[in-house]
1. State yes or no: is Arg93 open to solvent by 40 Å² or more (accessible area, probe 1.4 Å), at pLDDT 90 or above and assigned to a helix (DSSP H, G or I)?
2. Please indicate, with yes or no, whether at least one residue in segment 68-87 is of a type in the set (Val, Ile, Thr), in contact with a helix residue (DSSP H, G or I) (Cβ under 9 Å, 6 or more places away or on another chain) and either assigned to a helix (DSSP H, G or I) or closer than 30 Å to Gly112 by Cβ (or both).
3. Checking the conditions here, which among Arg17, Arg77 is of a type outside the set (Ser, Thr, Tyr) and either more than 30 Å from Thr100 (Cβ to Cβ) or surrounded by fewer than 10 Cβ atoms within 10 Å (Cβ to Cβ) (or both)?
4. Between a residue in segment 41-62 that is more than 16 Å from Asp4 (Cβ to Cβ) and any residue that is small (Gly, Ala, Ser), which pairs come within a Cβ distance under 8 Å, given they are 6 or more apart or on different chains?
Amino acid sequence: RNFDRVLAGESYILRRRYRKPRGETGFYQNTYVPLVRGGEILGAVVFAHDITEWSEREEEGRKYRAIFEKALEGIYRSTAAGRFLEANREMARILGYDSTEEMLRLKDGSVGLYFEPSERLRMATPTDDDLVLGRAMAGRA
């Protein structure tokens, strides 16, 4: 059935779940491409890739996204210069915007959130204590 499609000239990608020898679930992706010369389909080329790790990370990303979007707290990410990269709906609501898109269009971004702009720089700059704590926490993982 899959080869019928590709031999009819269709290129497509198929993702499937499979059971590994030790019982774990894995994921693979096959890319089917017709092999054509002079307008005639001679056969098919199939590229197979194990995408288990990628699929697991994609699932983790969906979980993070759900937490981010449904949080009752305002959450945002910004560049070092203060330009918003993303924000959840609650952050936009807290700041009085009708949508996150409106908030993300701000020219001064997160810099404008602080009464004293220098406060943002102080909060965004790690101290020696932060760096030592970061190394200690990384050593525990």
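1. Answer is yes for this residue.
2. Scanning segment 68-87, I find at least one residue that is of a type in the set (Val, Ile, Thr), in contact with a helix residue (DSSP H, G or I) (Cβ under 9 Å, 6 or more places away or on another chain) and either assigned to a helix (DSSP H, G or I) or closer than 30 Å to Gly112 by Cβ (or both), so the answer is yes.
3. On inspection, the qualifying residue turns out to be Arg17.
4. Listed by first residue and then by second, the contacts come to Asp50/Gly26; Thr52/Gly26.
Residues are listed down the side, and each one gets a yes or a no for (1) under 30 Å from Arg120 (Cβ atoms); (2) at pLDDT 90 or above:
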| residue | (1), (2) |
| --- | --- |
| Arg37 | no, yes |
| Glu53 | no, no |
| Glu56 | no, no |
| Tyr76 | yes, no |
| Thr79 | yes, no |
| Arg89 | yes, yes |
| Ser99 | yes, yes |
| Leu106 | yes, no |
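The values are calculated or read from the model by the stated rules, or taken from the named source; none is laboratory data. The structure displayed is predicted, hence computed values, not measured ones. Because the Cβ atoms are built from the backbone with ideal geometry, glycine has one as well, and the counts that use them run over all protein chains shown. To get the accessible areas, we keep the full protein, side chains included, count just its heavy atoms, and leave off ligands, DNA and RNA. Shrake-Rupley method; radii C 1.70, N 1.55, O 1.52, S 1.80 Å.
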